[in-house]
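Report on the following structure.
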Amino acid sequence: MSVLVIAEHNNKRLKAVTLNTIGAAKQLDNDIHILVAGSSCNSAVESAAKTENITKVLKINSKELSHVTAENIAPIIADLAKNYTHVLAPASTFGKNILPHAAALLDVQQISDISAIIDNDTFERPVYAGNAIATVKSSDDIKLITVRSIAFEPSSNEGGNAHIENIPSKGKSKLSSFVALRETISDRPELTSAKIIIAGGRGIGSASNFALIEKLANKIGAAVGASRAAVDAGYIPNDCQIGQTGKIVAPDLYIAIGISGAIQHLTGIKDSKIIVAINNDENAPIFQVADYGLVADLFDAVPELENKL
Amino acid sequence: MKILVPIKRVIDYNVKIHVKADETGVDLANVKMSLNPFDEIAVEEAVRLKEAGKTSEIIVVSIGSEKAQEQIRTAIAMGADRGILVQTDDPIDLGGIEPLAVAKILKILVEKENPDFVLMGKQSIDDDSNQTGQMLSALLGWAQGTFASAIEVNNKSIIVTREIDGGRETLKLKMPAVITTDLRLNEPRYAKLSDIIKAKKKELEIISINTLDIDCSPRLKIIKVTEPPARQNGIKVSNVDELIDKLKNEAKVLS
Ligand SMILES: Cc1cc2nc3c(=O)[nH]c(=O)nc-3n(C[C@H](O)[C@H](O)[C@H](O)COP(=O)(O)OP(=O)(O)OC[C@H]3O[C@@H](n4cnc5c(N)ncnc54)[C@H](O)[C@@H]3O)c2cc1C
Ligand SMILES: Nc1ncnc2c1ncn2[C@@H]1O[C@H](COP(=O)(O)O)[C@@H](O)[C@H]1O
């Protein structure tokens, strides 16, 4: 039996987190199938077929899936799952929304947000905001798992030549319907795969001041992130929140500006290679995890940094 | 209209946790416990809906030890009408009652109480599972609206705005539905002392978990619980020039 990965995609290509999820699947089995469900999703299906390690693409191309809801997709996943030992999805809002729904349909206890694979039944997952790592062994016949993307190397999006199989959709669920999507449009890299992230917190003080962060990010091709406090205050959209209940990131360079370093934030950044903190309070907890700390007023330091880079 | 709000007793979010030396779990003896923050947001939203005349009754439910009565009382002091405790001696953070079992218990209570919708947290801050609401929706065959940052309750439907990775999505859910809360839905109130005192007199039903015909044995065996690797201590730099120099020449993360 083989492993099934649920693709997160935008109908054109696989999202980066899907490639990390395939990277995790590779540690379980050599025979990896991927479900690409969407509408006008031929390009995503083709790119899935070319992805390294994929042996089969299960394709559902249906108008009903132009906006995937848990009620639509989970019954499909639950049916397919019976042919697999493991079903993996990224621990993104996409995967978190749909996979537990499928798990309950199968009477399976999902394993959330794994950060390591010990063997086919045993996994590590961070709990308590990443302040503890639990090693858990599942007794379910089928394992349903969401994958913490930063913990696994992505598979390459080239080199594969998978067979494509069409499968039917189950029609539209009448329980919920799509109304609107307000997408955050940005040319910057995605947070979960960015090499450099500049993040701002409450210390930035206002939405207009956030331009300081954005200018610096643009100068060095970085992604922009934020603490919860900055998002709550409306400085920046919700999908920029990094931490326990936001995104988990691991860039080569993370620069935290005007962020105090609450545990809920730190858990989202502590796998970064280098952490820099700029804060005018020398006792801010962020300095305990920063490789390089600069005690300074951000309104002086950030423009200077931008000028000199 | 009736709302059911499942709430969980968890370690307070400000507490620095300690992993037990024998690696069997996290030490919860003598630490401050609270209402899970996302559940507090769910209670607040339910109370606001009641204040706006959209609902008539709020029932809070917790599965946990007898001490979870404290959190039920807190929710009642915030404005919930009554509480139900499904009492168990098993742990509810790790290696005990897991999200699938919680969802099965909640399903029984939903069938008993017949709420119009269930409003709950998106995530427990102890097990960090983010599963129970989605599972309950599946078991009931109800509409699902996760990670809500705004909800609008109408006669037969609920409009939910969801916080997702790419921005915000709005869905229309047919009632009955299960909704899970995100941080931006509201800012919970503090219960007034007088309400805390009054809450002690409100109805709190206790059901033993053993009287429910559900197999709650854990599917995930805890092999061990360990501390995460610590980051190495860093240094302070004295100015921006030194910072740039370190990033380019020592860490080599900038070119
Ligand atoms: C259930 C729950 C989940 C949570 N999830 C998350 C999460 O996912 N992500 C997250 O980030 N938080 C999360 N939090 C919130 C977290 O506890 C903190 O409240 C939050 O991270 C604080 O954000 P902050 O550091 O920007 O603000 P603050 O803690 O207010 O820090 C602001 C910092 O800016 C500095 N500063 C001010 N002015 C200047 C200046 N001129 N120059 C330089 N520095 C300056 C200050 O010294 C201070 O250190 C969560 C909380 C709860 C309860
Ligand atoms: N033991 C419990 N008792 C009542 N509600 C719970 C319990 N465990 C989880 N929940 C609810 O399910 C939500 C998600 O929890 P989880 O799936 O554990 O992250 C929580 O925010 C609560 O609303």
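Only the coordinates and a few stated rules stand behind these numbers; no lab work does. Remember, predicted model here, so these are calculated numbers, not experimental data. Counting neighbours? That spans all protein chains shown, and the Cβs are built from the backbone with ideal geometry, glycine included.
Brief remarks on what is shown
- With the convex hull constructed from alpha-carbon coordinates only, the protein assembly as shown shows a mean projected area of 24.9 nm² over all directions.
- Over all pairs of different C-alpha atoms, segment A:229-278 has a mean inverse distance whose reciprocal, the Kirkwood radius, equals 11.1 Å.
- Along each principal axis, taking the top coordinate minus the bottom one, the Cα set of segment A:191-308 gives 31, 28, 25 Å in descending order.
- Ranking of B:Thr180, B:Thr55, A:Thr184, B:Thr132 by neighbouring Cβ atoms within 10 Å, starting from the fewest: A:Thr184, B:Thr55, B:Thr132, B:Thr180.
- Principal-axis tilt of helix A:211-220 within chain A, Cα atoms, nearest 10 degrees: 70 degrees
- Counting only alpha carbon atoms, the long axis of helix B:69-78 and the longest principal axis of chain B meet at about 80°.
- As a proxy for reagent exposure, B:Arg9, B:Arg82, B:Arg219 were ordered by neighbouring Cβ count within 10 angstrom, fewest first; the result is B:Arg82, B:Arg219, B:Arg9.
- If you model chain B as an ellipsoid using its alpha carbon gyration tensor, with each semi-axis the square root of five times an eigenvalue, the axes come out at 36, 24, 19 Å, biggest first.
- Segment A:32-79: C-alpha gyration tensor shape, a/c 1.5 cut-off, then a/b vs b/c: oblate
- Above 18 Å, the calculated P(r) of segment B:1-57 contains 50 percent of its Cα-Cα pairs.
- Take the Kirkwood radius over Cα pairs of segment A:34-120, plug it into Stokes-Einstein at 37 °C and 0.692 mPa s, and you get 235 µm²/s for translational diffusion.
- Overall dimensions of chain A by Cα: Rg and Dmax, Å: 20.5, 60
- For B:216-229, mean number of other protein chain Cβ atoms within 10 Å: 6
- D_trans [Stokes-Einstein, Kirkwood Rh over alpha-carbon pairs] for segment B:81-189, 20 °C, 1.002 mPa s, µm² s⁻¹: 145 µm²/s
- Residue order, fewest to most surrounding Cβ atoms within 10 angstrom, among B:Phe147, A:Phe287: A:Phe287, B:Phe147
- Dipole magnitude of segment B:214-255, debye to nearest 20 (Cβ charges: Lys/Arg +1, Asp/Glu -1, about Cα centre): 240 debye
- Packing order of peptides A:16-23, A:33-40, A:105-112, highest average first: A:16-23, A:105-112, A:33-40 (average count of other Cβ atoms within 10 Å over each peptide's residues).
- Here each label is just a point 7 Å from Cα along the line to Cβ, and for B:Ala29 and B:Asp12 those points are 2.0 nm apart.
- Straight-line reach from B:Lys200: taking Cα to Cα under 21 Å and skipping same-chain neighbours fewer than 8 places apart, the lysines in range are B:Lys8, B:Lys32, B:Lys50, B:Lys67, B:Lys192.
- Whole-angstrom Cα spans of segment A:2-166 along principal axes, big to small: 42, 33, 28
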